[in-house]
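Data first, discussion second: the structure below is written as structure tokens.
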Amino acid sequence: MNNNPIGVFDSGIGGLTVAKEIVKALPRESIIYIGDTARVPYGPRSKEVITRFAKELANFLLKRQVKCLVVACNTISATCLDEIEKISPVPVVGVVEPTIEMAIQVSKSNKIGVIGTVGTINSKAYEKKIQSLNSKIQVYSTACPLFVPIAEEGLDDHQATELVAKDYLKDLKDKGIDTLILGCTHYPLLYKIIQKTMGKEVVLADSAKPTAEKLKKLLEEKNLLADAKPKYEFYVTDAPERVLVVASRFFGKVLNANLKQIALPTL
Ligand code: DGL
């Protein structure tokens, strides 16, 4: 069991930002990643549809004998993590909780901002969880849907992105937050512009590192750490050629040799 892979999934390739941190934190672990590039984005979809798609991805990985599941997608983690936990015989790690724990540690003003997709923000998962841990903390959130295509197009250093960021973040700037949760897989790619827009005194908390650390702790606690030469397999549900170009921005070179396309009906 210990040398079985970790299953990581996302609505697309954005979750590779999380997979990359898992490789860094756990270099002896094998990973199977699946990104639903045929049906991304999940952000604007209903809870029912997100849940159905997410269960298909989880089942694809469970059939491949993964020893745990990492829900690398904020939209899935925020809307239906509990549904994934119900169908999974192995431990499940989402991105919402570890990111919140880190943000709470960092914040001194007790005012935390959250940005994410429409699905993530509408779910109120971040607010509810933060307030259940510390009711004194005020949470302000805003959906930033255009950040996803902007990151995929590689416009992380573009004037248009600055304008979009200024518009999306202007209300949050007035709230006096000292910590901003980047509640979406894609947003770490726009780190520079988001930081510049919010000002350097605001700490940006992204999901990738805290999630990888939480996973490491879980594997240690459950005696599930691997001790083998790691193997990486990456699956997408559409367009692996285009995906390869974009994915290199999210992850790196390792991907090229191991990317396979699978048809949606086989999920
Ligand atoms: N992976 C999604 C997230 O982290 C962003 C892309 C999408 O909308 O599916 O929320």
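For the reader, a short list of remarks on this structure follows.
- Residue check for residue 212: surrounded by 21 or more Cβ atoms within 10 Å (Cβ to Cβ), at pLDDT 95 or above and more than 14 Å from residue 116 (Cβ to Cβ): yes
- Scanning the stretch 115-159 for residues that are surrounded by 14 or more Cβ atoms within 10 Å (Cβ to Cβ) and polar (S, T, N, Q) yields 117, 120, 122, 123, 131, 138, 141, 142.
Residue-by-condition table, conditions (1) more than 21 Å from residue 97 (Cβ to Cβ); (2) in contact with a Phe, Trp or Tyr (Cβ under 8 Å, 6 or more places away or on another chain); (3) touching a residue at least 24 places away in the same chain (Cβ under 8 Å):
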{"position": "145", "(1), (2), (3)": "yes, no, yes"}
{"position": "151", "(1), (2), (3)": "yes, yes, yes"}
{"position": "155", "(1), (2), (3)": "yes, no, no"}
{"position": "158", "(1), (2), (3)": "yes, no, no"}
{"position": "168", "(1), (2), (3)": "yes, yes, yes"}
{"position": "174", "(1), (2), (3)": "yes, no, no"}
{"position": "177", "(1), (2), (3)": "no, yes, yes"}
{"position": "190", "(1), (2), (3)": "yes, yes, yes"}
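- Complete set of residues in the stretch 192-205 that are buried (at least 21 other Cβ atoms within 10 Å of the Cβ) and closer than 9 Å to residue 103 by Cα: 205
- Subset tally (residues that are touching a Lys or Arg at 6+ places or on another chain (Cβ under 8 Å), of a type outside the set (A, V, I, L, M) and either in a loop (DSSP other than H, G, I, E, B) or within 15 Å of the ligand (Cβ to nearest atom) (or both)) for the stretch 162-219: 4
- When the stretch 4-20 is limited to residues that are more than 14 Å from residue 74 (Cβ to Cβ), of a type outside the set (A, V, I, L, M) and at pLDDT 95 or above, the one that is nearest to the ligand (Cβ to nearest atom) turns out to be 7.
- Against the list (1) within 16 Å of the ligand (Cβ to nearest atom); (2) part of a helix (DSSP H, G or I), the condition residue 69 fails is (2).
- Pair list, Cβ under 9 Å, 6 or more apart: the stretch 232-243 residue within 17 Å of residue 8 (Cα to Cα), other residue among the basic types (Lys, Arg) and outside any loop (DSSP other than H, G, I, E, B): 233/260; 234/260; 235/260; 236/260
The values are calculated or read from the model by the stated rules, or taken from the named source; none is laboratory data. Predicted model, so just to flag it, every value in this text is computed and none were measured. For neighbour counting, all protein chains shown are included, and Cβ atoms are generated from backbone atoms with ideal geometry for every residue, glycine included.
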